[in-house]
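The values are calculated or read from the model by the stated rules, or taken from the named source; none is laboratory data. What you are looking at is a predicted structure, and each value in this text was computed from that prediction instead of being measured. Here the Cβ is made from the backbone with ideal geometry for all residues, glycine too, and neighbour counts use every protein chain on show. All accessible areas refer to the heavy atoms of the entire protein, side chains included, with ligands and DNA or RNA removed. Shrake-Rupley method; radii C 1.70, N 1.55, O 1.52, S 1.80 Å.
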Amino acid sequence: MKTKFRKLILMAREEQRISLTQSMQELGLLHIAQDHMDFPEETEALIHELNLVKGLIQFLEKETDPDKGQSSGKPMKVKDVIQHLRQMEGKGEEIHQEIERLEKKENHLASWGDYDFQKFQMLIEQGLSIFLCRADRKTFDKIARSRFAEVIEQQGAELYFVLITEQKDYTAGFEHFPLPIDSPSHLRDEIHKLKTQQSALKASIQEFVPYLSELRHYKTAIDDAMTLTKTQASFDEHYEGRVISISAWFPIQKEQEVLQFLEGEEVVWKIRDPNKEESVPVVLKNKKYPKLFEPITKIFELPNYYETDLTPFPAVFYPILFAYCLGDAGYGFVLAALMLAGYFSFLKSTRNIAILGIILGGVTMIIGLIKSGSIFGIGLLSDHPAGWIRQLSKLVVIPDDSSFIFNAFNVALMIGVIQILTGILISIYNHIIYKDYAHSIAPFAKLLIVSSLIWIFLADMQGVNALIVFGDLRIYMLVIGIILVIFFHDIELSVIRRVGSSFMPLFFIFTGVLGDILSYVRLFALGLASSVLGLVVNQIGLQIMEGGIISIIIGVLFLLFGHTLNFGIAALGSFVHPLRLTFVEFYGNVGFQGKGLVYRPFHKSKQTYHL
C-alpha cells in the first residue's frame, strides 16, 4: 500500500518569501515541487562550504582516534577549526607527497647500493663523469674493455654498475643517468625527518577530535540553509515579481496540521488531489509483516504513485523462493540462529533485517523438511539406518520422484505459474483502478492466453487426465485471448494500426510465458546443488574420520569448513536468484513502471548550531 498525497498551492506577496519559507521549513511536512534547476549564487556558495566541511570531517575521522581526542587550550569557533584543519590537511598532503617522492627515489637508487657523494667529488673535480647504469652482461663486457665500470649488483640477467668516463654527455643504448647528489642513506634520513613531522602533525590533528560533533552539526546547519535557499528559489513569480507561488505535496493524514499552518499565514492557498500527469511523492504504507520486506522492494525501485505497491506479494513469495533455493533444513536453522543472535546485538534500526533473516531461516527449515528432505546434506530417506531420520522422512511431501506429479521439479514450475498469474491479475487490477476498464482488456487477454497455454502444457505433456476435461475450453480461451490482443493491445492507436502492429505483443506473450516459467527451474536446480554438495562434504568428511583421533579432528574441521562454504554459496544464490525472479518475471508480468519519487519533506534538522 501507499500513502495518499494531496497537493498544496500557495500564493503570497514577494516580501513574504523568506519568512514563509522559514515557516514551511519549521512545519516539516511539505515536499516542495522544485522545477527550477538553476541554483542561486548563495546556494552555490553553501554547496562549496558543505563539500569542504564533509571533506574535513572525513579527514578528521581518518587521521584520528575518536576515543583518544583531547582538546588543548581555549575553545575555538567552528570557522577557526575549519581554517586550522584545512591548513593541516594541506600540510599533511605536502608531507605525504614528499615522502612518496623520496621513497620512490630511494627505491630506485637502492640497487646501486649506498654511497657517499663526497667521496666521488674529487673525481668529478678532475673532470670525470660518474653514471649509474643498468644493462645486460654482454653490454657490460663491451663497456668494461674501454672504460672503468664496477658491478654493484646483479638482478636476474641485468647488471647494476657504476661507470666512470671522461665524457660529459655520455650516450649509450642502455639505461644510465648521472650520479645523484642524494645518496640512499641521505634520502632515508630525509624520509625519517618527514615522518617525524607527519607524526607530530597527526598529534596536533588529534586535538581537534572534540570538535567532530560540532562540525557535524555545522554540516547539518549548512544542509538546512541550502535546502532553505533552494526552496526560496523555487517560487514562481507573477505580476512583475510582486506575487509569488509555490506547489508542494503532503500526506493526506497530515492535512489538519497543514490547515493549521495555513491559518497562521497571510497567504492564498488551494488544496486538491493529484492529477495523473503529475509526479507525486511515494511513501510505502504496509502492515508489520509486509513492512519487513520493504528493503527488498526498494532494492529495485519505488512504485510510482499510480500503480500498486507490490511489497505484500514478495512478502508471500520471496521466503518460499529463498527456502526452495537454499533447500536444506540444517542451513535454515543456522541462518535463523545467526539472525536471532544478531537481533540482540544489532542496532535498533537494523533489527528488522534480523527478523527478516529469522523468517527466511524458519521457512527454509520447513521447506528443507518437506521438499526432498535434507539436514546438513543428510537425506531424509525412509530406509535410512538411523531411526530419527526414518521418522523425519514421513514429513517429505515433495519428493524428487519424477513419477509423482508433485515432485520437486514440478512444484518449482507450479510456484512460477502461480506467481506469474498473480502478476497478470495485479496488472489487470492496476489498469482498472488507475486507468479504465478498456485498458484492462489487453492484460486480461494475456491472462487468457497464458492460462490456456499452461492448461495445454500440463494436460497434454504431463499426461494429467483431470486437466483434459473441458479440453475445448482452453482452445476457446486461447483464440479469444489472441483476438483481444490483436484489437486491444494499444487502444491509443487506430484499429487498423492496432491490427497491423499486433504481431510483436503476441510474439512476446507466447515466447515470454515459456521463458518466464522455465526460469523457475533455477529454484529446483539451486536447491538440488546445495543438497548434493552437502552430501559430498559429508561423504568426504566421514572417510577422513576413519583413521583415528587425528583423522577425526581433521574430518570434523573439514565438515565445518565444507558446510560453511556450501552454506555461504547457497545463501548468496538464494538471496540473488529469487530477487531476479521477483524483479524480472513477476514485475514484468505486473507491468511494473517504477520511478517513484521519494518523499523528502522540507524540514529543519534537530540540531542547535546556527549559521
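Below, the figures for the structure above:
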quantity: Selection from 290, 269, 336, by position along the positive dipole direction of segment 216-336 (Cβ); calculated: 336
quantity: Value of [θ]222 nm, deg cm²/dmol, for the chain, DSSP H segments ≥ 4, -39500 (n - 2.57) each, nearest 500; calculated: -19000 deg cm²/dmol
quantity: Relative contact order of the chain, defined on C-alpha pairs under 8 angstrom at six or more residues apart (%); calculated: 20
quantity: Net lengthening on full extension, residue 510/residue 80 (0.36 nm per residue, minus Cα-Cα); calculated: 147.9 nm
quantity: Tensor-based shape of the chain (alpha-carbon gyration tensor, a/c under 1.5 rounded, otherwise prolate or oblate); calculated: oblate
quantity: Spin-label pair residue 605/residue 501, simplified geometry with 7 Å Cα→Cβ offset, distance in nm; calculated: 4.9
quantity: Two-site FRET efficiency, residue 118 against residue 139, from Cβ-Cβ distance with R₀ of 30 Å, rounded to 0.05; calculated: 0.50
quantity: Whole-percent carbon and sulfur share, accessible surface of segment 322-454, 1.4 Å; calculated: 73
quantity: Whichever lysines have a C-alpha closer than 28 Å to that of residue 394, once near sequence neighbours (fewer than 8 apart) are set aside; calculated: 371
quantity: Degrees separating the helix 471-488 axis from the principal Cα axis of the chain, which is the longest one; calculated: 60
quantity: FRET E, pair residue 188, residue 553, Förster distance 41 Å, beta-carbon r, rounded to 0.05; calculated: 0.25
quantity: Dipole magnitude of the chain, debye to nearest 20 (Cβ charges: Lys/Arg +1, Asp/Glu -1, about Cα centre); calculated: 1600
quantity: Net +/- balance of residues flanking residue 3 in space, Cβ distance below 11 Å, scoring K and R +1, D and E -1; calculated: +4
quantity: Segment 310-388: relative contact order in percent, alpha carbon pairs under 8 Å with at least 6 residues between; calculated: 39
quantity: Helix axis angle, 521-544 relative to the chain longest principal axis, alpha carbon, degrees; calculated: 60
quantity: Kirkwood Rh (inverse of mean 1/r, distinct Cα pairs), segment 326-380, angstrom; calculated: 11.1
quantity: Local electrostatic count, residue 58, Cβ distance below 14 Å [Lys/Arg +1, Asp/Glu -1]; calculated: +1
quantity: Euclidean distance between Cα centres, segment 249-264 to segment 516-530, Å; calculated: 51
quantity: Of 62/193; 4/276; 230/604, pairs whose Cα-Cα distance is over 19 Å; calculated: 62/193
quantity: Solvent accessible area, Å² - residue 236, 1.4 Å probe, full protein context; calculated: 70
quantity: Projected label distance in nm at residue 104 and residue 525, using a 7 Å step from Cα toward the beta-carbon; calculated: 4.9
quantity: Segment residue 242-residue 157, length gained on full extension (0.36 nm per residue, minus Cα span); calculated: 22.2 nm
quantity: Prolate/oblate/rounded label for segment 351-391 (Cα gyration tensor, a/c 1.5); calculated: prolate
quantity: Computed magnitude of the charge dipole of segment 53-182 (debye, nearest 20; Cβ of K, R +1, Cβ of D, E -1); calculated: 320
quantity: Cα-based shape type of segment 471-611, given that a ≥ b ≥ c are square roots of the gyration tensor eigenvalues and the cut on a/c is 1.5; calculated: oblate
quantity: Principal-axis tilt of helix 441-456 within the chain, Cα atoms, nearest 10 degrees; calculated: 80
quantity: Centroid-to-centroid separation of segment 410-452 and segment 352-404 [C-alpha atoms, Å]; calculated: 32
quantity: For residue 5, distant residues with modelled amide H under 5 Å away; calculated: 252
